Amino acid sequence: MWIRTKKKALIPALGLAVAALAGLSPAAVAEPPAAFAEPVSASLTPAAIDRFLNDYLDETGLPGAVVAVTRGDDVVHTAGYGHTAGGLTMTGRTPVPVASLSKSMTALAVMQLVEAGKVDLDRPVRVYLPEFTMADGRAERITVRQLLNQTSGMADSAFPDLTLPQAHTLKGAVARMRGARLAAEPGTRWSYHNPNYFVAARLVEVVTGEPFADRLRTHVFAPLRMADSRSVDSTTDMPEDARGYVRAYGRVIERAHPRWFTAGGHGVVTTADDLARWLIAQNNGGVGADGRRVASARSVATTHTPPKGEEYAMGWSLGEAEGGDGPREIRHTGELLTQNAIQILLPERRIGIAVVSDTGMISGDDSAGIADGLRELAEGRPPEIEKPFTMTADHVLAALTLLALGLGTLGTVRAAGWARRAAGRPLWRAVPRALPYAGLVALFPLLPELVGLLMRREGTLDQVLYVWPALYVCVAAAALASAVVLAVRGAHLTRGLVRRRRAAAS
C-alpha cells in the first residue's frame, strides 16, 4: 500500500503533467503522565466536533467517515457521519478498515512478547522465524527491531509487493519473499514496506503457536475491551470488501477494491468506539480506560520512539505540528485505494484523534484534513475545512486534458500539410519534431513509476487510476493524442513517398 504523502509534495506531480503538455529489555513498568502539560481548550466538545464534521461533509461531498476523540482517560466523542458505499448509515459502531493503522497494533503484539522474554528486539528475525529467507545473504542479519522500524533493507524497489500476485496466508506472504533481494544493508536506510509487518505478524504466530488474528484478539483487543475489532487476511474479508470511493473532478465515484493481502500490515477492521479505547491506552502508558494494562509504559514508549535521526518508530511516526510551530505529535496514516485513515496522539495534552473515511488515498485525502481540523479544535482555534488537494488540482488537469485533445485534433487535421512540407526535407530533420510526441506516448506506461517516486511506493497503472483518476486521464489523453498525430503524420508521409516513387518510375 502506498504511504500517504503530504499535499505539498504532490505539487510536482501536477507539474509533471503541465511539463508533459507543455533498546528495550523485558518489562519495566512506568506510570503514565499525571496531568496535562498544557491546558486543553474547552472548544473540543461533541457539539463542536459534530458541527465541524457535518460542515466538512457538506462542503467536500465526502460520503462518510467515523471519528474518535479522547482526552486523558475519557472519550470526548465517537461518532459516524454520512454513509458507507453500501448505503449504511455510519455510527460509532460501524466496522471500518483502518489499513496501516494496523501496524501499531502488530508492533504492540511483538512488544508483548519482548516483555515476556520470548523475543529480543535486537536478535535476528531468523532466530525466531527460520522460514524467513531471501535471495540475499544480508537478510540473515535483519533484526526484529529493524522490521518494526522499517529499516530492514527491504523495499518496494527490490520487491514491489502490490504489483505481484497476492498471498493468502502469513506463511505464504513470507514464503513468496524467498526470491527477493534487499535494497539496502539492514539498519542503514528507512523504507516503508508492508512485508516488514507481514514478517513481524508471522513471527508472532510462530513464537506463540497461535494464529495472528487470534493473538491480536485475545492479547491486544480483549484487554482494551475492543470487542468489535478483528484482523483479516485480505481486503475481500473486510466489510463490503473494502468498497469505497475515489474523487475525480469534484465528484466521488464508487469503486470496488482489488484483493490485497493485509494481515499484520493493514488488515485490522475496527470501530470508532474501539479506536477511542486504543487511543486512551496509547496516551496512558498502556493502561485502558478501565485500568487494565495491555503493555508496559516502556513498551508503549518504545513503539513511539524512532531510531536516532529518523521519524518512523514502530507503527507510529514522530513529528512536529504542521508548519513546525506546535507541540510534538505522534501519528500514522493508513490508506487503501478506497478508504483512508489516520490516528494522532498529542502527548503533551494526552489527546487522541482517529478518523476513517470511505475515500481512497490521494484522490480522497479526507481523513488527514478532518484530523487537522480536530487538532485545531483541540488547540482552541477555529477549525478550517481543508478540501482534498485533488478537488482543486483536478480542474487544472481537466483543462490540460482538453488542451491535449484539442492539440491532438489540430495536429491530426494538419498532418497532411506537415507531411508535404517534410517531404522536401531530409528525414533526419523530422525525427526531432517527433520526439515530444513520442515522449508523451512513453510517459503513460511510466506513470506508475513517476507517481511511485513521489509516494515512495511501487504500483500499477490500474492502481494509479484509483489513486488519482484525473492525472491518469490527463496523461492517457496526451499519450493517445500524440500517438494519433504520429500515426496520421506517418501515414501521410508514407503515401507521399509512395506517390513520388511511382511518379519517378513512370
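Quick notes on this one:
Condition check ((1) of a type outside the set (Asp, Glu); (2) in contact with a Gly (Cβ under 6 Å, 6 or more places away or on another chain); (3) at pLDDT 95 or above) across all residues:
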residue	(1), (2), (3)
31	no, no, no
42	yes, no, no
54	yes, no, yes
60	yes, no, yes
63	yes, yes, yes
69	yes, no, yes
75	yes, no, yes
82	yes, yes, yes
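- Test for residue 162: is it assigned to a loop (DSSP other than H, G, I, E, B) and either surrounded by 17 or more Cβ atoms within 10 Å (Cβ to Cβ) or under 22 Å from the mean Cα position of the chain (by Cα) (or both): no
- Residue satisfying condition, being assigned to a helix (DSSP H, G or I), farther than 30 Å from residue 498 by Cβ and assigned by TED's automatic domain parsing to the domain that holds residue 91, within set 369, 406: 369
- Of residues in the stretch 363-375 being touching a strand residue (DSSP E or B) at 6+ places or on another chain (Cβ under 6 Å) and more than 17 Å from residue 48 (Cβ to Cβ), the one surrounded by the fewest Cβ atoms within 10 Å (Cβ to Cβ): 368
- Exclusive hit being under 30 Å from residue 150 (Cα atoms) and either assigned to a helix (DSSP H, G or I) or under 16 Å from the mean Cα position of the chain (by Cα) (or both), set 401, 390: 390
- The criterion of being at pLDDT 90 or above, outside the structural domain of residue 471 (by TED's automatic domain parsing) and of a type outside the set (A, V, I, L, M) does not hold for residue 320.
- Exclusive hit being out of contact with any helix residue (DSSP H, G or I) (no Cβ under 7 Å at 6 or more places or on another chain), in a loop (DSSP other than H, G, I, E, B) and hydrophobic (A, V, I, L, M, F, W, C), set 154, 134: 134
- Output for the stretch 57-83, where each listed residue is surrounded by 21 or more Cβ atoms within 10 Å (Cβ to Cβ) and in a loop (DSSP other than H, G, I, E, B): 62, 63
- Evaluation of residue 470 against (1) touching a strand residue (DSSP E or B) at 6+ places or on another chain (Cβ under 6 Å); (2) farther than 29 Å from residue 361 by Cβ (one fails), failing number: (2)
- Just one residue in the set 470, 416, 442 is more than 27 Å from the chain's Cα centre (by Cα), of a type outside the set (Ser, Thr, Tyr) and at pLDDT 85 or above; that residue is 416.
- Criterion violated by residue 421 - all others in (1) part of a helix (DSSP H, G or I); (2) of a type in the set (Lys, Arg); (3) at pLDDT 90 or above satisfied: (3)
- Qualifying residue in the stretch 213-221 (condition: out of contact with any Asp or Glu (no Cβ under 6 Å at 6 or more places or on another chain), outside any helix (DSSP H, G or I) and modelled with pLDDT of 95 or more): no
- Selection of first residues in the stretch 82-95 that are over 21 Å from residue 226 (Cα atoms) and among the hydrophobic types (A, V, I, L, M, F, W, C) and of second residues that are modelled with pLDDT of 95 or more and part of a strand (DSSP E or B), restricted to Cβ pairs under 9 Å at least 6 apart or on distinct chains, gives the following pairs, ordered by first then second residue: 85/64; 85/244; 85/245; 85/254; 85/255; 88/64.
- Hits in the stretch 272-288 (condition: surrounded by 21 or more Cβ atoms within 10 Å (Cβ to Cβ) and either among the small types (Gly, Ala, Ser) or outside any helix (DSSP H, G or I) (or both)): 272, 276, 281, 284, 286, 287
- Of the residues in the stretch 113-120, not one is under 22 Å from the mean Cα position of the chain (by Cα) and surrounded by fewer than 22 Cβ atoms within 10 Å (Cβ to Cβ).
- Some residue of the stretch 409-418 being under 30 Å from residue 71 (Cα atoms) and not hydrophobic (A, V, I, L, M, F, W, C): no
- Once the stretch 217-251 is narrowed to residues that are touching a strand residue (DSSP E or B) at 6+ places or on another chain (Cβ under 9 Å) and polar (S, T, N, Q), the residue that is surrounded by the fewest Cβ atoms within 10 Å (Cβ to Cβ) is 234.
- Applying the condition of being surrounded by fewer than 22 Cβ atoms within 10 Å (Cβ to Cβ) and among the charged types (D, E, K, R) to the stretch 383-414 and asking which residue is farthest from residue 250 (Cα to Cα) yields 414.
Residue-by-condition table, conditions (1) of a type outside the set (Ser, Thr, Tyr); (2) outside any loop (DSSP other than H, G, I, E, B); (3) surrounded by 21 or more Cβ atoms within 10 Å (Cβ to Cβ):
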{"position": "290", "(1), (2), (3)": "yes, no, no"}
{"position": "310", "(1), (2), (3)": "yes, no, no"}
{"position": "337", "(1), (2), (3)": "yes, no, yes"}
{"position": "345", "(1), (2), (3)": "yes, yes, yes"}
{"position": "356", "(1), (2), (3)": "yes, yes, yes"}
{"position": "361", "(1), (2), (3)": "yes, no, yes"}
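- Selection status of residue 437, in contact with a Leu (Cβ under 9 Å, 6 or more places away or on another chain), buried (at least 18 other Cβ atoms within 10 Å of the Cβ) and farther than 22 Å from residue 335 by Cβ: yes
- Any hit, the stretch 439-451, residues being farther than 29 Å from residue 259 by Cα, out of contact with any helix residue (DSSP H, G or I) (no Cβ under 7 Å at 6 or more places or on another chain) and assigned to a helix (DSSP H, G or I): yes
The values are calculated or read from the model by the stated rules, or taken from the named source; none is laboratory data. Please read these numbers as outputs of a predicted model, since none were measured by experiment. Glycine also receives a Cβ, built like all others from the backbone with ideal geometry; neighbour counts cover every protein chain displayed.
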